[in-house]
Amino acid sequence: MTCISTRAIVLRKIEYGDADLIITLFSSDQGKLTVIAKGAKKSRKRFSGVLELFSTLNIVTRESRGRGLPILQEASLIYPFVNIRSGIEKTAYASYWSEIVNVWMVDGQKQPGLYSLLESCLDALDQGHMTPDILSVFFQIQFMKLCGFGPTLFHCTACCQDMMETQSPYMAVDIARGGILCHNCQPKSFSCQNLSKGTIKLLQWMEKADAVRAARLRPTPCSIHEGLDFLESFVPHHLGKQLHSLTFLRQLRAVSLNRHVC
Amino acid sequence: MNYYPSAIQNLIKRLGRLPGIGEKSAERLAMHILRSPRNEAEQLARAILDMKDNIRLCAICFGLSEGETCSLCADSRRNPGIVCVVEQPADMISMERSGAFFGRYHILQGVLSPLDGIGPDNIRIRELMSRIESGGIGEVVIATSTSVEGEATAAYLHDMLQSTGVKITRIASGVPMGGDLKYVDQATLKKAMDTRHEF
């Protein structure tokens, strides 16, 4: 009977029956895993307080006797990331990144770079090294680069003109083609999403930077807002799925805006 | 199952839809009902229908009630100035069993869950706010669970309630009674140590 021992992050947790949980994990060396934790809801020793969303764990799983899901044998906490749950905004961003990874990854396909990215972003969110919105720009741009569908930001998607040569302060975005368009190529007939040159520079820089260098960056609120707006349209479009946590995040922003206005 | 007459097949199918009941258990239950006296089967059927017809949500706390308001909200001996916020009616029952709380309740009917798309408009937060704004409440005890969603909901409620001026408290969390320290996870132990109290 095959046993797997690995380090993994909890992406999703679904109640199964009265006592069991079905857990979706993202592991460093096995990729995405879906396992069943028998008796986890009533467990006071084996799984008590361990199987929480976004926690990094050391897990041991074994194959089930029949054709069922692998069984979670052991789980011990490495990082509980307790500060993430202390605020709804942090929880919403962590949920958004977890949902992106859950939707993108296929069971059993490993992607160690993406694992490191998710763990380092959850850690930075927990520690408060960066504001959640800047961190979300960093996560999304790095995620797309790692998965091979990053946006074209250095030249026009249609005519390949270098973006630094163009004089216009704003560039149009073509999400379906996967990048930005120069002044000559942008459609004149309808209004489309635009990015300022400053935001494009921020995204270019974020794509090349690591988490430590990204933490030193102090972008303007306008660039963060524009960057998030663009990425939160771009990522779901290329994943081919509307994400629940993104809808939640937008609801939360609307509530926050209303409170500011009041 | 196909060998049974259609009335039994139908009952097995219906019982099999209940949570935690598989086909075998449904078959056993159906056979038990078949062998029972007619009045027992009638009582069971009536009890199910009575519950469906008479149970509704209390207009004040959104707990389960047989009338416009539940027995706890109607009880004049309970302190109306303290409201305990819980996720589900079952949490309210657990709290009542503990005998530790003598105020009123507010049942959210869920918890904020970004991954399931359950936002502030999908649970009874607006109703809690209007209940507090109508006055007479001095303290709100947030008793959501200590899971990520429960803690995040508690943090959200704290943010929303701060402007109302009521005292906001959170139930303590730590080592369970009869619990063995070596089996307690580090996050729980840290919280228990942070919120330790003097003897």
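The values are calculated or read from the model by the stated rules, or taken from the named source; none is laboratory data. Remember, it's a predicted structure, so these values are computed and weren't measured experimentally. A quick note on method: Cβ atoms are made from the backbone with ideal geometry, for glycine too, and the neighbour counts reach across all protein chains shown. For the accessible areas, the whole protein counts, side chains as well, though only heavy atoms, and no ligand, DNA or RNA atoms are used. Shrake-Rupley method; radii C 1.70, N 1.55, O 1.52, S 1.80 Å.
Observations, loosely collected:
Per-residue answers, yes or no, for (1) touching a residue at least 40 places away in the same chain (Cβ under 8 Å); (2) more than 13 Å from the chain's Cα centre (by Cα); (3) open to solvent by 10 Å² or more (accessible area, probe 1.4 Å):
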position: B:ILE82; (1), (2), (3): yes, yes, yes
position: B:ILE93; (1), (2), (3): no, no, yes
position: B:ARG104; (1), (2), (3): yes, yes, yes
position: B:ASN122; (1), (2), (3): no, yes, yes
position: B:LEU128; (1), (2), (3): yes, yes, no
position: B:HIS158; (1), (2), (3): no, yes, yes
position: B:THR164; (1), (2), (3): no, yes, yes
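- Any hit, the range A:186-196, residues being aliphatic (A, V, I, L, M) and out of contact with any helix residue (DSSP H, G or I) (no Cβ under 7 Å at 6 or more places or on another chain): no
- Selection over the range B:169-190 of residues that are part of a loop (DSSP other than H, G, I, E, B), open to solvent by 80 Å² or more (accessible area, probe 1.4 Å) and in contact with a helix residue (DSSP H, G or I) (Cβ under 9 Å, 6 or more places away or on another chain) gives a count of 1.
- Here A:ALA8 meets the list (1) closer than 30 Å to A:LEU231 by Cβ; (2) surrounded by 23 or more Cβ atoms within 10 Å (Cβ to Cβ); (3) within 14 Å of chain B (Cβ to nearest Cβ); (4) without any contact (Cβ under 8 Å) to a residue 60 or more places away in the chain almost entirely, failing just condition (3).
- All positions within the range A:114-142 that are within 23 Å of A:PHE230 (Cβ to Cβ), away from chain B (no Cβ under 14 Å), open to solvent by 10 Å² or more (accessible area, probe 1.4 Å) and not aliphatic (A, V, I, L, M): A:SER120, A:THR131, A:ASP133, A:GLN142
- Among the residues making up the range B:131-156, a single one is farther than 22 Å from B:SER98 by Cβ, part of a loop (DSSP other than H, G, I, E, B) and either open to solvent by less than 10 Å² (accessible area, probe 1.4 Å) or in contact with a strand residue (DSSP E or B) (Cβ under 7 Å, 6 or more places away or on another chain) (or both): B:GLY136.
- Among the candidates A:GLU89, A:GLU99, the residue that is more than 30 Å from A:LYS45 (Cβ to Cβ), open to solvent by less than 40 Å² (accessible area, probe 1.4 Å) and either of a type in the set (Ser, Thr, Tyr) or within 14 Å of another protein chain (Cβ to nearest Cβ) (or both) is uniquely A:GLU99.
- Residue check, B:GLY63 touching a helix residue (DSSP H, G or I) at 6+ places or on another chain (Cβ under 6 Å), within 30 Å of B:ILE125 (Cβ to Cβ), open to solvent by less than 80 Å² (accessible area, probe 1.4 Å) and not assigned by TED's automatic domain parsing to the domain that holds B:GLY135: yes
- Of everything listed in (1) within 14 Å of chain B (Cβ to nearest Cβ); (2) surrounded by 14 or more Cβ atoms within 10 Å (Cβ to Cβ), the single unmet condition for A:LYS201 is (1).
- In the range B:95-124, the residue that is farthest from B:SER147 (Cα to Cα) out of those that are within 14 Å of another protein chain (Cβ to nearest Cβ) and either among the charged types (D, E, K, R) or assigned to a helix (DSSP H, G or I) (or both) is B:ASP121.
- Residue selected from the range A:59-86 under the condition hydrophobic (A, V, I, L, M, F, W, C) and assigned to a loop (DSSP other than H, G, I, E, B), by the criterion least open to solvent (accessible area, probe 1.4 Å): A:PHE81
- Which listed residue is over 22 Å from the mean Cα position of the chain (by Cα) and either small (Gly, Ala, Ser) or farther than 25 Å from B:LEU18 by Cα (or both), from A:GLY49, A:GLY31: A:GLY49
- Tally, over the range A:22-51, of residues that are open to solvent by 20 Å² or more (accessible area, probe 1.4 Å), part of a loop (DSSP other than H, G, I, E, B) and in contact (Cβ under 8 Å) with a residue 40 or more places away in the chain: 3
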